[in-house]
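To start, the structure under review is shown below, and the notes come after it.
The values are calculated or read from the model by the stated rules, or taken from the named source; none is laboratory data. Just so you know, these numbers come straight off a predicted model, no measurement behind them. Counting neighbours? That spans all protein chains shown, and the Cβs are built from the backbone with ideal geometry, glycine included. Just the protein is used for accessible areas: all its heavy atoms, side chains included, with ligands, DNA and RNA removed. Shrake-Rupley method; radii C 1.70, N 1.55, O 1.52, S 1.80 Å.
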Amino acid sequence: MSVRKRAFTVSLFFAVLLFSASAMSFVHKEETHPFDSEIMLASIYGDSTGSVSEESFWNDVAISLVTVSKDDPVYSWFGHSGLLLEFPGRRAVLYDWGRFSFDDGFYGNFIMGRLWYECGSSDALSEFAYLERCGRTVSKVKLNFPAKTKQDIARYLLQNDSEQYKTYLYHHYRDNCATRIRDIINKATGGEFEKWAKSQKGRSFREQTSRMLANNILWQWLLDFLQGPRIDGSATRWDEMFLPSELEKGVIEFSSLAENREYVCDFRNTDTRPADFETPQDRSLIWLCIGLAVSLLCIAGKMKSKTLYHAVSFSFQIIAGTAGTLLFFMMNFTSHDVCYFNANILFFHPFLLITAFLCMNEKKHRKLLVKFYKVQCFTALIYLLLSLFLPDIFRQDNTAQLCTIVPFFCTQLLLLNRTDTLKSNFQNSIHKS
């Protein structure tokens, strides 16, 4: 290889690598706002110097954790949580932090990662009737709090429901309808709930969400693809309580906090929605088969039908390149912090949109394409070795994504280097048979 060709190969390698790595090296500013759960709890709730008013009244008030099963829309696949206040002689009120509107620029804010949600209250009987019509199971766990704590919680909920305090910046894992209630319960127990939950090992955010998403492997692949290493690594029971079902389980198991559980709406035996898995589901083998199937189609097309080869190669790289472009945008220009430092950008990136068109005339661009796929295969090899020997640093679980695209890179490199040999062997085998 001449010096000029070597220089070009090295330049191409670093161009791909630096483009990909640029999205992993930016330091993103964390989103903050004045209505963070812990800040509000510290400033509003739990004034230890105060005394309970009308203690007999608050002794009769019941506060319960309400957990709602999943529904059909994607945003409700993880279920829902709320706090129920039942007053003697009055209508029960349900408070929750899962309210949003599709109006007022919701989609633009969603794309940019600014998910403004609200706390709201509703008549409990009316809400339960609606959930029953939707066929969703609703359970209620009564919380064992003293009168002063119940009064503090009620005051906090009323203030959260006011126009000044109701809006908050939603986060999928750190600040949602379940974590808000988790923080309230923790404050009510003087921090003992958090201490207990953090003393127990839990599953990572990715492992927990895989249980909920595994019934739809396309959604599971896409969300795993977009989310980087921030949802991997060690976790505790405290972290798991971003899921309403895990919050309910933790509340029941924690000391004498929960008095009892009853079902307001019970569709456990008749619900036709696919049940969530009890353990994390790894679909890497399925995606490896899909990746190999694409590769086999490319091989078959290369040997027998250029039209098939061009169609498969072009379509696959357009899809992968589009996904990479979306990922690059979300990593660099949005507030979706779960997308940051995502190693998938090394393999899915906008360059694939270019190679998709170059492959349509591979004879003309053969040398360039060979260099490109060599770089991709070499990058995959280095990444796999680093993940194997430095798991604490390269901890992102993206096996399914690698299984999807790495076979394609290897096949393209093989076909571009050995096209004539493969075609000759194929024709000889047909002739002999």
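Quick notes on this one:
- The number of residues in the stretch 316-329 that are open to solvent by 40 Å² or more (accessible area, probe 1.4 Å), in contact (Cβ under 8 Å) with a residue 24 or more places away in the chain and more than 18 Å from the chain's Cα centre (by Cα) comes to 3.
For every residue, the table says whether it meets (1) in contact (Cβ under 8 Å) with a residue 24 or more places away in the chain; (2) assigned to a loop (DSSP other than H, G, I, E, B); (3) farther than 30 Å from D276 by Cα; (4) out of contact with any Phe, Trp or Tyr (no Cβ under 6 Å at 6 or more places or on another chain).
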site	(1), (2), (3), (4)
K148	yes, no, yes, yes
Q151	yes, no, yes, no
R155	yes, no, yes, yes
L158	no, no, yes, yes
S162	no, yes, yes, yes
A178	yes, no, no, no
N186	no, no, no, no
A197	yes, no, no, no
L223	no, no, no, yes
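- Some residue of the stretch 181-202 being under 16 Å from the mean Cα position of the chain (by Cα) and within 25 Å of N342 (Cα to Cα): no
- Residues located in the stretch 101-131, provided they are farther than 30 Å from F57 by Cβ, in contact (Cβ under 8 Å) with a residue 24 or more places away in the chain and not in a strand (DSSP E or B): I111, M112, G113, R114, L115
- Residue in the stretch 388-402 that is part of a helix (DSSP H, G or I), closer than 30 Å to I231 by Cβ and at pLDDT below 95 present: yes
- Checking H336, H365 one by one, the residue that is without any contact (Cβ under 8 Å) to a residue 24 or more places away in the chain, over 21 Å from G291 (Cβ atoms) and either open to solvent by less than 60 Å² (accessible area, probe 1.4 Å) or within 26 Å of the chain's Cα centre (by Cα) (or both) is H365 and no other.
- Residue list for the stretch 205-221, restricted to those being farther than 19 Å from S69 by Cβ and either buried (at least 19 other Cβ atoms within 10 Å of the Cβ) or among the acidic types (D, E) (or both): F205, R206, E207, Q220, W221
- Any chance Y165 is open to solvent by 40 Å² or more (accessible area, probe 1.4 Å) and at pLDDT below 90: yes
- All positions within the stretch 235-277 that are of a type in the set (S, T, N, Q), surrounded by 13 or more Cβ atoms within 10 Å (Cβ to Cβ) and farther than 11 Å from S139 by Cβ: T236
- In the set G89, G82, G98, only one residue is outside any loop (DSSP other than H, G, I, E, B) and closer than 30 Å to E55 by Cβ; that residue is G82.
- Members of the stretch 386-412 found to be surrounded by fewer than 19 Cβ atoms within 10 Å (Cβ to Cβ) and either in contact (Cβ under 8 Å) with a residue 40 or more places away in the chain or under 21 Å from W221 (Cα atoms) (or both), listed by number: S387, F394, R395, T399, C410
- Residue among D183, D224 that alone is closer than 30 Å to F314 by Cβ and open to solvent by less than 30 Å² (accessible area, probe 1.4 Å): D224
- Pairs with Cβ under 6 Å, 6+ apart, first in the stretch 229-252 and touching a residue at least 40 places away in the same chain (Cβ under 8 Å) and of a type in the set (F, W, Y), second part of a helix (DSSP H, G or I) and open to solvent by less than 20 Å² (accessible area, probe 1.4 Å): W238/A197; F242/A178; F242/T179
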